[in-house]
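Below is one structure, written out as structure tokens; the observations come after it.
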């Protein structure tokens, strides 16, 4: 599959690297077509990787991942353009984290989630919130953890959610998805970051994830 | 141990019942000394149970549990009185849930947690946030779940946190505590309710809890 990634930070580069290792082609998008960090990434990953503007990356991808920092997500998507994003499955990996008062962060959103704001700003795009609930090196290697863990997912478009689940299953081995329903479910998964950032100390590593345990499994 | 419980809803009654079954004495507190629901509970639980006002229950308990609905927590604690609560370990089980716009709820707090507001209003009380992250019938029977699960805990007083952990371990069998540090950790565990209330549908039951999975366990 051809995948576009918006953002050249650690999250975008790690996901891109792992998607290429799983046999996909990835275009890393940034504000400029010749971003130095993206060029270094392309040199590293070899044939499956390319770089371009945000718009280039979105046009390239059958699936597009928003890996921008939350505070820059809407501006970056506006720079990408509604035309390039129309009809696309857009996986929103970003979180509305505000570190201006230090760590742990607050959320800069009120009741509404960032994912809902993105869906409202780009009504022709099929936004799926996923992967925002865990560290980027765990996103791409769920099998590194001692047990299978859970990945919440939500979005208004059922087919788009299925595309994302299939992609994450086949690329990285994710098996346990928790479908929270429409995109407003992101109010829950973005708020989880308020707990996640506080669990870091208690758990002793960022390499963890949650597993929901019921009576029967 | 003598335990005071503030609130005569399902959470308070279930916890009280289970503490009595574990050998403790429990006084259930409400606005009036002769609350009908509390009287029925006393008749049900037998010798270990008693009822009284909020102030009676707080005075009775070595440990006091706030099992009031979040919206009534501060008013109920003010009715209890700072004198009765002075020096006590107060387990804040409440959550700042606002159902006025339906289900799932929003939080009526802003950045600050309800537990921090309670600690600030009662500086001589040793507030510990715990048990607010799961359903009341799971609080008292962690062994009903298929695996051991985690219970986050936080508070400014380390000794008070230890008292609560020992009580929950000995009474109900809780073993895995995640100490999030000071009471501000409640910003994380109260926000978890935004995810918890959305997980209900995906998980298919309220009888679940989270287990943190790392690489080694």
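Every number here is computed from the coordinates shown, using simple stated rules; none is lab data. Not measured: the values here are computed from a predicted model. Cβ sites come from the backbone with ideal geometry, for glycine too, and all protein chains shown count toward neighbours.
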Checklist entry - Condition test on residue A:181, is it free of Cβ contacts under 8 Å to residues at least 12 places away in the same chain and at positive phi? => result no
Next on the checklist: For the range A:28-49, give me each residue that is under 18 Å from residue A:94 (Cα atoms) and either in contact with a strand residue (DSSP E or B) (Cβ under 6 Å, 6 or more places away or on another chain) or touching a residue at least 60 places away in the same chain (Cβ under 8 Å) (or both).
Outcome noted: A:28, A:29
Next on the checklist: So, in the range B:186-212, how many residues would count as being crowded, with 16+ Cβ neighbours inside 10 Å and either out of contact with any strand residue (DSSP E or B) (no Cβ under 6 Å at 6 or more places or on another chain) or closer than 27 Å to residue B:26 by Cβ (or both)?
Outcome noted: 17
Checklist outcome for this item: Here, helices (runs of 4 or more DSSP H) confined to the range B:1-68 with at least 3 residues that are over 21 Å from residue B:86 (Cβ atoms) are B:10-21, B:36-45
Next on the checklist: Can you name every one of the strands (runs of 3 or more DSSP E) wholly within the range A:110-217 that holds 2 or more residues which are more than 14 Å from every other protein chain (Cβ to nearest Cβ) and farther than 22 Å from residue B:154 by Cβ?
Outcome noted: A:126-129
